[in-house]
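So the structure is just underneath, and the comments pick up after that.
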Amino acid sequence: IRQLVKQRRPRGFPPGPSPIPVIGNIMYLATEPHVFMKKQSEIHGQIFSLDLGGYSAVVLNGYDAIRECLYHQGDVFSDRPSLPLFMKMTKMGGLLNAKFGNGWIEHRQLASNSFRYFGSFQKPLDQKILEECMFFVDAIDEHKGKPFNPKHLVTNAVSNITNLIIFGERFTYDNCDFQHMIEIFSENVELAVSGWAFLYNAFPWIEYLPFGKHQKLFRNAAKVYNFLEQIIRRFSEGRVCNFPRHYIDDYLNKLDKSADNLGSPFSRENLIYSVGELIIAGTETTTNTLRWAMLYMALYPNIQEKVHKELDSVLGSGKSPSLADKKRMPYVEAVLHEVLRFCNIVPLGIFRATTQDTLVSGYNIPKGTMVITNLYSVHFDEKYWCDPGTFSPHRFLDSNGNFVRREAFLPFSLGKRHCLGEHLARMEMFLFFTTMLQRFHLQFPPGTVPSLTPKLGMTLQPLPYSICAVRRQQ
Ligand code: HEM
């Protein structure tokens with residue numbers, strides 16, 4: 001916390017809504033904070049500040065402000081804030097929450113190498129994803145067109161892709177221990193931005209209160225780390241130096257090699273944190289995207305019909321989709337992009353912090369200031385999107401039906417800390433979505449339309465819903 005800007009709105013700092021004594025603006029974050037922040041930016045400007053109970057955060061809104069900071073001042077806006085909650089969870093080590101510096105660089109490099117070289121441990125990754133897609137659609141088929149909640153199935157299938165990279169193996173869909181771990185981990189993703197978490201960051205002494213949601217967060221984290229420690233030990237058995245079978249072997253080899261180097265960031269503890277971060281960052285986001293995509297396909301049968309038409313014309317009957325087909329499926333690409341834009345899976349990105357004092361749009365932002373990137377406000381930025389509140393895949397197509405990239409599209413954020421798993425996530429989304437829609441027609445149980453209101457947390461997910469996946473006649 002000492003590294004956070006403790007002062008309330010220092011001189012030259014961006015303006016913001018008036019704080020109330022003690023808790024500042026925390027109470028505004030209870031319901032849809034991303035929507036609240038966009039509205040505030042219409043009053044105070046694209047760059048404004050919030051008082052989070054004694055420490056100040058800068059909020060960046062709209063594409064221009066986010067590009068200016070994350071891209072043009074990439075080195076400055078690449079730290080993570082030393083919030084008491086993050087310090088307690090990962091001591092600012094690991095990967096996703098690591099301070100900007102050597103430890104982060106080394107961990108990021110190791111993880112990207114493991115992703116890239118997965119094919120040399122095993123089969124090419126897209127082949128392995130396709131194998132998982134088959135388990136996935138067969139498991140859906142077991143519901144025989146009757147209503148079911150797809151949440152667990154999608155979570156299991158998606159998490160198996162990171163499992164392959166990290167542990168070298170997929171887990172069967174009835175592995176309760178792993179599923180329980182993911183469940184409480186994902187509960188923490190929700191709790192991490194709850195009012196209690198902000199209160200804990202402002203007043204860390206509430207750790208000693210026997211009640212409050214932050215206690216649940218700590219208990220969950222302890223269980224998750226304990227589980228990960230055991231599973232890491234199990235999967236590292238039989239490791240042979242220089243012949244890594246998966247990410248864990250790779251990490252432990254690095255750890256062995258750096259044993260004499262006192263400054264090395266590699267440690268058993270950081271291995272646990274990194275594994276946890278890769279599992280949750282890879283699972284929660286991609287799962288939510290696919291769950292929203294299923295929901296919107298059932299909600300808009302005309303859009304689903306166009307997807308079916310494209311799949312049938314490119315694949316004919318019987319051939320399974322592959323990555324090579326992506327280029328010939330602009331409509332599928334447009335649909336997946338519109339789901340990412342419209343549903344805002346990570347609406348406020350992952351909190352950043354400044355590495356040094358800086359000046360943006362005439363405002364002084366001191367070193368160590370917490371920075372919130374309102375990615376939702378980029379995807380609903382009226383300067384770049386026409387009628388942003390409408391779900392319309394067509395905005396990603398030109399008049400000839402070709403896919404077009406749009407600038408103000410940042411679901412994976414921007415700059416040095418942009419999502420490490422973007423490439424993997426894109427492969428997964430395309431292959432799971434096309435394999436599923438090739439085989440099924442998605443519809444809601446007769447007479448029901450689920451809520452489109454998202455469940456709030458670090459990520460936005462649909463509330464639980466039931467859907468029928470009816471086999472298509474091809
Ligand atoms: C970071 C989005 C899938 C691993 C992030 C960030 C966003 C994001 C917004 C924050 C970047 C920032 O600090 O500004 C998404 C979305 C996904 C997805 C929308 C799927 C649709 C994945 C997957 C993995 C992954 C599949 C890996 C298995 C990470 C990691 C970071 C990150 C490790 C932290 C990067 C760092 O601090 O250097 N992601 N992500 N993500 N993501 Fe993803």
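Nothing in this text is a laboratory measurement; each read-out follows from the coordinates by a stated rule. Note that the coordinates shown come from a computational prediction; the quantities given were computed from them, not determined experimentally. Every residue, glycine as well, gets a Cβ built from its backbone with ideal geometry; the counts of neighbours run over all protein chains shown.
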- request: Could you list the GluC sites (Glu not before Pro) in the range 392-470 that lie in coil according to DSSP, counting only those with at most 14 other Cβ atoms within 10 Å of their Cβ?
  value: E407
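At a Förster distance of 51 Å, what's the computed FRET efficiency of S313 paired with Q356, Cβ-Cβ distance as r, to 0.05?
Once the sixth-power term is evaluated, E becomes 0.40.
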field: Three-way shape call for the range 178-274 based on the alpha-carbon gyration tensor, with the a/c threshold at 1.5
entry: prolate
statement: Computed about the Cα centre, the charge dipole of the range 393-464 from +1 Lys/Arg and -1 Asp/Glu charges at the Cβ has a magnitude in debye, to the nearest 20, of 140 debye
query: In the range 367-474, which trypsin sites (Lys or Arg not before Pro) fall in coil by DSSP and have 10 or fewer other Cβ atoms within 10 Å?
result: K383, R405
- request: For every other residue with a beta carbon closer than 11 angstrom to the beta carbon of V58, add +1 if it is Lys or Arg and -1 if Asp or Glu, then tell me the sum.
  value: +2
- prompt: Among all the lysines, which ones have a C-alpha under 20 Å from K144's C-alpha, if same-chain residues fewer than 8 places away are not counted?
  reply: none
message: If the only charges are +1 at each Lys and Arg Cβ and -1 at each Asp and Glu Cβ, what is the size of the charge dipole of the chain around the Cα centre, to the nearest 20 debye?
response: 420 debye
field: Over the chain, relative contact order from alpha-carbon pairs under 8 Å, at least 6 apart, %
entry: 25 percent
task: Beta carbons within 10 angstrom, averaged per residue: use that to sort the peptides 312-320, 256-264, highest first.
output: 312-320, 256-264
task: Among W292, G282, L311, flag the residue with its Cα farthest along the positive direction of the charge dipole of the range 266-335, charges on Cβ as +1 for Lys/Arg and -1 for Asp/Glu.
output: L311
- prompt: If you bin every alpha carbon distance in the range 301-441 into 5 Å steps from zero, what whole percent lands in each bin?
  reply: 2, 9, 16, 18, 16, 14, 9, 6, 4, 3, 2, 1, 0
Net charge of Cβ neighbours under 11 Å - reference E407; Lys, Arg +1; Asp, Glu -1: +2
